[in-house]
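The values are calculated or read from the model by the stated rules, or taken from the named source; none is laboratory data. Just so it is clear, the model here is predicted, and its values are computed rather than measured. Here Cβ is always computed from backbone atoms with ideal geometry, including for glycine, and neighbour counts include all displayed protein chains.
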């Protein structure tokens, strides 16, 4: 840890004055909220040796409004749009082609992810072979694969970023407004006309539209004054209230078990309204937070956190599943408190601390795979093939988990697709040292 902090302090001292520190802070902040949000949503109790698993938003429906604060994936996509626009412009100045640029933008994501896929395929096989209860295994491995849905979408958005940046240069605000309009039309076809399969196309339109807000921000096309930023946030809030109040959209911005309609699977125009609210708030806070980040210690902390943020994101659900598995092995110790009682709420800080312990160990073990390393040069077709293979593997694992009904009982094929696709993209992880 000392070495990591010293390295972060050195990097902080060497930071270019032109670097937008606020964007790095927002990236770290959004992932941290996702981690603690996932941990908060888990409601588990053991009664008479039987495991009862519920979701906080289903057990306490009034808590669904909290997702307007905890659903911060739009923040990550907005930040991604900003960073991708900066990176693409820099790459063009240096003479980098599309394939080399895409390799560079995805390598940081794929190096730690291919390790997760490989490790969990082996662990799942060992647990299946050991005869662990199949129901619990399916449930547990689906939980640990939850972060992969985001990567399946985000990697595709990154691949399309150069096209979207060029469209922004030509048409500006018309692009996100057009994508928002298409997303609303898709919602109408999906839910108004009862053609749900159409709704899945919004994984493209909604997330590209949110990503485009970051592109606009980087170009300086958003209202940067306090009045304009507040107005933008107000417009997003008003749209969100209208869609979820008199409108038909669910209040929750994340999926709720048993709900017939969700705002994130597939995403809806309500999630886009949330992104407008969020970017307005981000713009309002930009100046004071940026000034705070000029201080050496906060900025070094952001650098240190971002250095391992993908590892934290990928393994935080594994940490929770491991703690739950150990508790069940010990006859449910620690999970006898009635959910949503005063004692349960007071125990949440302790719950977070307990989950941070194995996560810290996992980060120390696997965090080295985030260390910068130039990808191996690959031809354009290899990059495209690798990208499609990786996205398919992510999607299958996110949907099914690592335990399936196949011959071996383990999702070896999609796990192998993640590793092979990353390899095809020229991403080669460092060996254990």
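Points worth noting:
- Flag for residue 190 being under 28 Å from residue 244 (Cβ atoms), assigned to a helix (DSSP H, G or I) and modelled with pLDDT of 95 or more: no
- Cβ-Cβ distances below 9 Å connect the following pairs, each with a first residue in region 29-58 that is without any contact (Cβ under 8 Å) to a residue 12 or more places away in the chain, a second residue that is in a strand (DSSP E or B), and a separation of six or more residues or different chains: 52/43; 52/44; 52/45; 52/46.
- Test set (1) surrounded by fewer than 23 Cβ atoms within 10 Å (Cβ to Cβ); (2) at pLDDT below 95; (3) in contact with a helix residue (DSSP H, G or I) (Cβ under 7 Å, 6 or more places away or on another chain); (4) in a helix (DSSP H, G or I) - residue 422 fails condition number: (1)
- Taken together, the residues in region 121-149 that are within 27 Å of residue 110 (Cβ to Cβ) and either in contact with a strand residue (DSSP E or B) (Cβ under 9 Å, 6 or more places away or on another chain) or surrounded by fewer than 20 Cβ atoms within 10 Å (Cβ to Cβ) (or both) amount to 17.
- Residues considered: 79, 86, 122, 75. Of these, the only one that is within 28 Å of residue 34 (Cα to Cα), without any contact (Cβ under 8 Å) to a residue 40 or more places away in the chain and assigned to a helix (DSSP H, G or I) is 122.
- Residue count for region 200-209 satisfying the condition of being crowded, with 22+ Cβ neighbours inside 10 Å and either out of contact with any helix residue (DSSP H, G or I) (no Cβ under 7 Å at 6 or more places or on another chain) or within 15 Å of residue 149 (Cβ to Cβ) (or both): 3.
- Boolean, residue 361 is surrounded by fewer than 20 Cβ atoms within 10 Å (Cβ to Cβ), assigned to a helix (DSSP H, G or I) and at pLDDT 95 or above: yes
- Test result for residue 215, in contact (Cβ under 8 Å) with a residue 40 or more places away in the chain and buried (at least 19 other Cβ atoms within 10 Å of the Cβ): yes
- All of 63, 73, 139 fail the test of being modelled with pLDDT of 90 or more and closer than 30 Å to residue 410 by Cα, apart from 73.
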